[in-house]
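Asks: Just passing along the structure, written as structure tokens.
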Amino acid sequence: MHDVTRDAPDRRSFLKYSGALGAAAALSSSLAACSSGPESTNDTGGTGADRTLTAVIGYGNDGSWDPTQTASAFCMAANNHVYEGLLDTDPITREPYPALATAVPANPSATTWRFGLRAGAKFHDGKPVTADDVVFVFDRILDPKTQTLAKGFFASWLKEVRKVDARQVELVLKFPFPEGLSRLTLAKIMPKHVFSRPGGWDDAIKGLAVGSGPYRQTAHHPKSNTTFAAFDDYNGPRRPTFRKMNWLTIVDAAPRVARISGAGAGAQIADNIPYANIGRLESDGLSVGGGAGMNNLFLMFNTRHKPFDDVRVRQALHYAIDTGKMVEVALKGHGKPSSSFLNEGNPAHRRAKTVYDYDPDKAKALLKAAGVSGLRINILSVNVSWIVDCLPTIKASWDAIGVRTTLDPQETTAVFTKMDQKQDYQVVAAASNPNQFGLDADLIMHYNYGPANLWMGYTRWADNAVAKKLFKDMDRATREPDAVRKKAMIQDYIDVVAEQAVLYPVVHNELMTAWDPRKLSGIRAQPYPGINLLQARWV
């Protein structure tokens, strides 16, 4: 993951590719060449099977589209339709299934996995998928000189990927790691002949997407929409069922809901539905579903900005928040106060030794013990709609214990640009959902608390003695072969994460998706941002 000690050009590069960070630049000429040109953001019409499916995504499409780099909800969801891994995972169960590979390895605990590639698999430009393309992607991910987000998901356990012949590859592991099979979906196979060209990875960041999946990208307009068409030569397991798709990016809640509701609704599905709109949408005949997962509002403290270097202050501010009121008022009951870093539905969840139940008296006592009085805090926040709904509860709670609080919601890109530029800040409130990458606790915790990753750079905490011991405990858990013992080790170090509260969730909530069941079938709402239409179809 990102080495936060690297120089400014490398940090700016990471800013470009991390999905929640930094707006994408104008599209390159190579992307423009593969685009079909501007399309309306309205439903482009058609009848029967030829009509266009229009989806509304509540997140920006201007983050990175490079699958090795992105954390963007819009771009990750889209890439799942455009690209394939050797294995991909079901969007709900997260069980791996063969995608570009012909089979799942029979022995997940082996230290060598051999994969044959699907016969006749082609990229969207008509060129065949080969072992060279697979090695190309994994070499990039594992390259110690290249900082990619995906490195944090693979480098600890995957030694190398080598070509056997034109249609076979071998993955060589450092130690048995069965969880790695489901992570292979995070290594989307990209054509070497496209992305090895000079500037190819920059093109991927900006929006060039050429995969082997069931849909090909036909146009990309940052901050507006991205369009797709069925790839007629696709011969994989989840065939395209829509001839065309038009995905709109609408971050503001009201226009997003308006696009899917009423007699003139221009879209058939939308994610990130506000809880207050569920009843009205259901009364209009729409289905609204969701699920509780890792989605959370977290607080992140700058531990180099006093008094947030004091664990007692961080704890006090968590104890002070009336999380019950936040769930009731802002989330309309669709959430739970966090009882661990992991949500309660995670298989590795255990109630942490430190749980921040609402206790303003304890919060005041901790501040007094830390010698802190007259504290003024500016909360720098992302402008994701449900996060904005939660902020007044935080302000009221902190004001009530004598902490004068101001709210400063901004576009997500603006917030994290400031982080990357090492600007000073006190507290950030933002949304996160590592379930975009998977369910296993080792992955989730390393995504947030990897010693050299982006988040630890933002918190300025990685050099802390407690942090250094935590990172060693995390690595030991990764290598532990016994599943029961590994789970216990993860739960134990999560207790440390809870106690320190450097980056920690306040509430876990449900993400809601709405769709028109009179037009679409096979929709399964997922408990993480975005949509997956690989098993959906027209009614």
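Asks: How much of the accessible area of segment 150-262, in percent, comes from carbon and sulfur atoms when a 1.4 Å probe is used?
Replies: Taking all protein chains in place, segment 150-262 shows 49 percent carbon and sulfur surface.
Asks: Using Cα pairs under 8 angstrom and six or more residues apart, how large is the relative contact order of the chain, in percent? Display every interim value, and only then the final one.
Replies: Details: 1175 pairs, mean separation 110.0, N = 539.
Value for the chain: 20 percent.
Asks: Also: Give me the percent of accessible area attributable to carbon and sulfur for segment 82-144, probe 1.4 angstrom.
Replies: Details: 1300 of 2380 Å².
Within segment 82-144, the accessible surface is 55 percent carbon and sulfur.
Asks: Just check segment 340-407 against the gyration tensor rule for me: Cα atoms, a ≥ b ≥ c as the square roots of the eigenvalues, rounded for a/c under 1.5, and otherwise prolate or oblate depending on whether a/b exceeds b/c. Intermediate results must be reported in sequence, preceding the final value.
Replies: Numbers: a/c = 2.70, a/b = 1.25, b/c = 2.17.
Because a/c hits 1.5 or more and a/b fails to exceed b/c, segment 340-407 counts as oblate.
Asks: Here's another thing I want to ask about it. May I ask for the distance between the Cα centers of segment 351-375 and segment 188-220, given as a whole number of Å?
Replies: 49 Å
Asks: What is the packing order of peptides 380-386, 135-141, 115-121, taking the mean over residues of other C-beta atoms within 10 Å and listing the highest first?
Replies: 380-386, 135-141, 115-121
Asks: If you look at just the Cα atoms of segment 204-295, how large are its Rg and its Dmax in Å?
Replies: For segment 204-295, the Cα-based Rg and Dmax read 15.8, 43 Å.
Asks: Per residue, how much accessible area does the chain show when a 1.4 Å probe rolls over the protein heavy atoms, in square angstrom?
Replies: 37 Å²
Asks: Still on this structure, I have one more. Run the numbers on segment 134-253 and let me know its relative contact order in percent, using alpha-carbon pairs under 8 Å that are six or more apart.
Replies: 15 percent
Asks: Okay, moving on. Arrange the peptides 478-487, 50-59 so that the one whose residues have, on average, the most other Cβ atoms within 10 Å appears first.
Replies: Ranked from most to least packed, the peptides come out as 50-59, 478-487.
Asks: Follow-up question, since we're still on this one. When all alpha-carbon pairs of segment 350-447 are counted, what percent fall beyond 21 Å?
Replies: 51 percent
Asks: Among the listed pairs 418/487; 127/206; 151/206, which are separated by more than 32 Å between their Cα atoms?
Replies: Values: 418/487 36 Å; 127/206 22 Å; 151/206 20 Å.
Over 32 Å Cα-Cα: 418/487.
Asks: How much length would be gained if the chain were fully extended between residue 423 and residue 145, taking 0.36 nm per residue of separation minus their Cα-Cα distance, in nm to one decimal?
Replies: On the way: separation 278, 0.36 × 278 = 100.08 nm, distance 2.60 nm.
Net length gain for the segment: 97.5 nm.
Asks: Beta carbons within 10 angstrom, averaged per residue: use that to sort the peptides 448-455, 125-132, highest first.
Replies: Details: 448-455: 21.8, 125-132: 15.5.
Ranking the peptides 448-455, 125-132 by packing returns 448-455, 125-132.
Asks: Rounded to the nearest percent, how much of the accessible area of segment 267-423 (1.4 Å probe, protein heavy atoms only) is carbon and sulfur? Show your work: numbers first, answer last.
Replies: Working: 3110 of 6420 Å².
Heavy-atom surface of segment 267-423 belonging to carbon and sulfur, 1.4 Å probe: 49 percent.
Asks: Then there's this: Using a ≥ b ≥ c from the Cα gyration tensor of the chain (square roots of the eigenvalues), is it rounded, prolate or oblate, where a/c under 1.5 gives rounded and otherwise the larger of a/b and b/c decides, a/b for prolate?
Replies: oblate
Asks: While we're here: Can you give the FRET efficiency to the nearest 0.05 for residue 122 and residue 361, using r as the Cβ-Cβ distance and R₀ = 60 Å?
Replies: Details: r = 65 Å, r/R0 = 1.09.
Calculated value: 0.40.
Asks: Could you tell me what a quarter of the Cα convex hull surface of segment 284-438 works out to, in nm² with one decimal place? Write down the numbers at each step before the final one.
Replies: Working: hull surface 42.6 nm².
Spelled out: convex hull of the Cα atoms, projected over all directions, averaged, 10.6 nm².
Asks: Rounded to whole Å, give me the distance from the Cα center of segment 65-96 to that of segment 437-493.
Replies: About 23 Å separates the Cα centre of segment 65-96 from the one of segment 437-493.
Asks: At 0.36 nm per residue, and after removing the present C-alpha to C-alpha distance, how many nm does the segment from residue 305 to residue 408 gain when stretched out fully?
Replies: The span from residue 305 to residue 408 would gain 35.3 nm if fully extended.
Asks: Suppose a student asked you for the relative contact order of segment 290-416, using Cα pairs under 8 Å spaced at least 6 residues apart; what percent would you report?
Replies: Values: 160 pairs, mean separation 34.6, N = 127.
Dividing the mean separation by the residue count of segment 290-416 yields 27 percent.
Asks: Could you state the orientation-averaged shadow area of the convex hull built on the Cα atoms of segment 77-187, in nm² to one decimal? If you can, show how the numbers build up before the last one.
Replies: On the way: hull surface 28.1 nm².
Averaged projected area of segment 77-187's Cα convex hull equals 7.0 nm².
Asks: Before rounding to the nearest 500, sum -39500 (n - 2.57) across all DSSP H runs of length at least 4 in the chain and divide by the residue total; then give [θ] at 222 nm in deg cm²/dmol. Could the numbers behind the result be given before it?
Replies: Values: 18 runs with 163 residues, N = 539.
The helix contribution divided over the chain gives -8500 deg cm²/dmol.
Asks: At what distance in angstrom do the alpha carbon centres of segment 381-428 and segment 504-539 lie from each other?
Replies: When both Cα centres are located, 28 Å separates them.
Asks: Would you mind classifying segment 448-509 by shape? Square roots of the alpha carbon gyration tensor eigenvalues, ordered a ≥ b ≥ c; an a/c under 1.5 is rounded, otherwise it is prolate if a/b is larger than b/c and oblate if not.
Replies: Judged from the Cα gyration tensor, segment 448-509 comes out oblate (a/c at least 1.5, b/c at or above a/b).
The values are calculated or read from the model by the stated rules, or taken from the named source; none is laboratory data. Here the structure is a predicted model, which means the values were calculated and not measured. With ideal geometry, Cβ positions are generated from the backbone for all residues, glycine too; neighbour counts draw on all protein chains shown. These accessible areas exclude ligands, DNA and RNA; they are computed on the full protein's heavy atoms, side chains included. Shrake-Rupley method; radii C 1.70, N 1.55, O 1.52, S 1.80 Å.
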